[in-house]
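The values are calculated or read from the model by the stated rules, or taken from the named source; none is laboratory data. These figures come from a predicted structure and were not determined experimentally. Don't worry about glycine lacking a Cβ; one is built from the backbone with ideal geometry, like all the others, and counts go over all protein chains shown. For the accessible areas, the whole protein counts, side chains as well, though only heavy atoms, and no ligand, DNA or RNA atoms are used. Shrake-Rupley method; radii C 1.70, N 1.55, O 1.52, S 1.80 Å.
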Amino acid sequence: MTRPLKTSEPMLAVRAVRTRQAETAVFAFFVAGADLLKFAEISRVHREPEGGALQGFQRKGIKSHVQAITEFLDSGPVLFPNAIILAISSRARFTQTRGERPSGDVRSGEAGTLRIPVPTHGPKAAWIVDGQQRSLALAQAQNKEFPVPVVAFVSEELAVHREQFILVNKAKPLDPRLIDELL
């Protein structure tokens with residue numbers, strides 16, 4: 001069990017489930033959509049001015065796509081269960097819930113509280129791996145409390161963030177004509 005550190009840094013506390021994949025902690029939780037960009041940043045791909053080293057991994061935002069999502073979110077009561085995927089700093093702390101496990105528990109995860117730093121200055125505590133357009137739209141939506149599912153894995157390594165970004169975005173997008181016909 002990881003205990004919270006004493007810190008003066010503001011924290012966002014969320015109920016979460018923790019599991020492990022490849023020796024990496026993975027968390028699932030919900031957060032108000034408007035809070036995402038308070039602790040998570042979009043790591044845009046760019047070259048460093050000195051030396052030209054490649055940094056970041058996210059493409060440029062698409063304003064029309066963000067606007068369409070925002071309009072959907074503002075259209076009334078909506079179902080929007082699309083999870084945002086984050087890489088999260090090891091500065092985040094998880095405290096496992098104490099008590100008896102329910103009968104029949106498959107023991108694939110443990111419940112608890114995840115405390116995520118919300119820095120007032122300096123680097124944020126998470127990086128958006130998938131869902132940058134959705135995150136931007138949620139920040140602009142009228143309902144600032146709209147709960148959005150998040151899956152976060154602990155990693156501060158840019159190479160791991162890029163690898164996961166590529167894996168998530170590698171699938172061939174649906175043909176727009178098929179989407180239109182399905183709608």
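Summary of computed values
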read-out: All positions within the range 13-43 that are of a type outside the set (A, V, I, L, M, F, W, C) and assigned to a helix (DSSP H, G or I); value: 33, 35, 38
read-out: Top-ranked residue of the range 1-37 - restricted to ones that are of a type in the set (Lys, Arg) and over 16 Å from the mean Cα position of the chain (by Cα), ranked as modelled with the highest pLDDT; value: 20
read-out: Per-region count, the range 59-76, residues at pLDDT 95 or above and part of a loop (DSSP other than H, G, I, E, B); value: 2
read-out: Members of the range 65-108 found to be within 20 Å of residue 30 (Cβ to Cβ), free of Cβ contacts under 8 Å to residues at least 60 places away in the same chain and among the hydroxyl-bearing types (Ser, Thr, Tyr), listed by number; value: 97
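Listed here are the residues, each with its yes/no results for (1) open to solvent by 60 Å² or more (accessible area, probe 1.4 Å); (2) at pLDDT 90 or above; (3) assigned to a strand (DSSP E or B); (4) over 18 Å from residue 14 (Cα atoms).
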position	(1), (2), (3), (4)
80	no, yes, no, yes
85	no, yes, yes, no
103	yes, no, no, yes
112	no, yes, yes, no
119	no, no, no, no
134	no, yes, no, yes
142	yes, yes, no, yes
152	no, yes, yes, no
163	yes, no, no, yes
